[in-house]
Each structure stands twice: as C-alpha cells, then as structure tokens.
Amino acid sequence: MKEPIIRLKNISFSYDKTAVLQDINLEVYRGDKVGLIGPTGSGKTTLLYIIMGLLKPQKGAVEIFGKIRNKEKDFTEVRQKIGLLFQDSDSQLFCPTVKEDIAFGPLNLGKTKKEAMEIVKETCDILGLKGFEDRLTHKLSGGEKRLVALATVIAMRPICYLLDEPSSGLDEDTLHRVLNYLKNHANTYIVVSHDLRFIEATSEKIYLLKKGKLTLL
Ligand SMILES: Nc1ncnc2c1ncn2[C@@H]1O[C@H](COP(=O)(O)OP(=O)(O)O)[C@@H](O)[C@H]1O
Ligand SMILES: [Mg+2]
C-alpha cells in the first residue's frame, strides 16, 4: 500500500497535568473519508492541531506525506496541502470582505489576482454563496460565516481536509450543500463532529476519541 498522507505514531499530549491524548495511532490514506466523533472536551480539536503543527505532542511522531515533522518549517508544506477548517469561524476569517478572505490562500500559494478571483467565483458558486463576494465578513450570520470559512479552505484546493465541526450552526439546506460538496469534490478528509448522524453521512471509517484513546467503531 502507498504511503499514508497522515501517520500519527504513539502520540501523547497534555496542556497541563491531565493527559488529553494517550498513545494515539492513526493513518489516513489518499481517498480515506474519516469521521472523528467524541464528547466535548475529548481532544478532537487538539488532535487536528497536532496534525497541522499548531501544537507539539510531548510524545510520539507526526509523519505527513512520508516525512517526520518536528520543526515549525516542516509544517509549511503541510499547511499548504492540508486544509484545516477551524472549529471557530472567526479564527479563519480576518479580512474585511468575503472575496478577500477566500482569495487570501490562493494568493499566498502564488496565484495571480485574476486566477484568485476566478477561484473565489468558482468556490462561491459551489457553496451557494453567489453574490456574497463583496459582503463584509463581520456582518455575516454564524451559518454564513461557517460557509465562507469552508470556502477559504476549499479555495486552497487541499489534498486533504481537516474539518472541525463543519456542520455547526448550519440549517438543513446549507448542511446539504456542505454534504454535497464533500461527496462530490473532497477526496480525502477527517471530519470532526459530536453529531453521529453527520459523521455517518460523510464518513466511511469512524473513530471515537474518548478518555484520551482513539478506537475504530
Ligand atoms: N489552550 C488550552 N489550555 C488548556 N486546556 C485546554 C486548551 N485547549 C483545550 N484544552 C482542554 O483540553 C481538552 C480537549 O480540548 P479539545 O481538543 O478542544 O476537545 P474537543 O475538540 O473534543 O471538544 C479539554 O478538556 C479542554 O478544556
Ligand atoms: Mg473541538
């Protein structure tokens, strides 16, 4: 079998004395549609942060695209190719307008302004955000922010998505748009939720994170 995109080996992590993650092993291959479920506070967000290099585990190894990642600069490639949707939309959105936020990633990856604007249009079309381009981000509703945050991740065309509670604050109709996007356009992902129905609708392999341990359901 080919090299996994993500391989966590015996990862342990704690913020203070209490262990959040204990000896976690996980492999995600190209094409895997992974669901991660667990109670609030079980460490789901922490696990995604470790994959992105936003937190450093006290024990174990993070291997991405076949390379061990330790230092800050090891994660530059990871952050270009793996797209994280933050649990909190406000952590993702920092530009005045929707189009600037969506264009930010592509421009950073070296796209021209014209190319970036084409990506903005395409991405807005996919998510039903037509006409949102010039809206002020801070004036959007929670659900609209969720979609725009997702659009900023999609615009990077990541090889793998890490989606932290993508369904939170979305109405039924919007939720279907997100589900459709995942089904039709996203090849590899880990989707995190405490909502088993959403996980079952999106995932082929479901893990439960509880009391620091990861188990396959
Ligand atoms: N920055 C932090 N400092 C200290 N404790 C934290 C911090 N972030 C999260 N925690 C704690 O770590 C545990 C796991 O949090 P988190 O990964 O956010 O869980 P989940 O995403 O599953 O709800 C929780 O008990 C939470 O309170
Ligand atoms: Mg969380």
(request) Return the carbon/sulfur percentage of the accessible area of the range 6-216, one whole number, probe 1.4 Å, all protein chains in place. (result) 51
(request) Give, as ranges by residue number, the residues of the range 37-71 whose backbone N falls under 14 Å from the point 7 Å along Cα→Cβ of residue 23. (result) 59-60
(request) Scan the chain and hand back the longest stretch that contains none of the chymotrypsin sites (Phe, Trp or Tyr not before Pro) lying in DSSP loops with at most 13 other Cβ atoms within 10 Å. (result) 95-217
(request) Answer with one residue from 22, 98, 214: the one whose Cα lies farthest towards the positive end of the charge dipole of the chain, charges on Cβ with Lys, Arg +1 and Asp, Glu -1. (result) 22
(request) Calculate, axis by axis, the spread of Cα positions in the chain along the three principal axes, and write the results as whole Å, longest axis first. (result) 47, 37, 37
(message) Can you compute the FRET efficiency between residue 59 and residue 88 using 1/(1 + (r/R0)^6), with r the Cβ-Cβ distance and R0 = 41 Å? Round to the nearest 0.05.
(response) 0.90
(message) Using a probe radius of 1.4 Å on heavy atoms only, what accessible surface per residue do you get for the range 6-216? Whole Å² is fine.
(response) 49
(request) Give me the Debye-computed log₁₀ of I(q)/I(0) at q = 0.19 Å⁻¹ for the range 11-123, equal point scatterers on Cα only, no solvent, two decimals. (result) -1.14
(message) Taking the Cα centroid of the range 115-188 and of the range 36-107, what is the distance between the two, rounded to the nearest whole Å?
(response) 17
(request) For every helix of n ≥ 4 consecutive DSSP H residues, a contribution of -39,500 (n - 2.57) applies; sum these over the chain, divide by its total residues, and give [θ] at 222 nm rounded to the nearest 500 deg cm²/dmol. (result) -10500 deg cm²/dmol
(request) With a point put 7 Å past each Cα toward its Cβ, work out how far residue 185 is from residue 67 in nm, to one decimal. (result) 2.8
(message) Could you tell me the relative contact order of the range 103-217? Use alpha-carbon pairs under 8 Å, at least six residues apart, and round to a whole percent.
(response) 21
(message) Taking 0.36 nm per residue of sequence separation and subtracting the Cα-Cα distance, how much length would be gained by fully extending the chain between residue 157 and residue 80, in nm to one decimal?
(response) 26.8 nm
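The values are calculated or read from the model by the stated rules, or taken from the named source; none is laboratory data. Values in this document were obtained by computation on a predicted structure and should not be read as measured data. Cβ sites come from the backbone with ideal geometry, for glycine too, and all protein chains shown count toward neighbours. The area values use the complete protein model at the heavy-atom level, side chains included, leaving out ligands, DNA and RNA. Shrake-Rupley method; radii C 1.70, N 1.55, O 1.52, S 1.80 Å.
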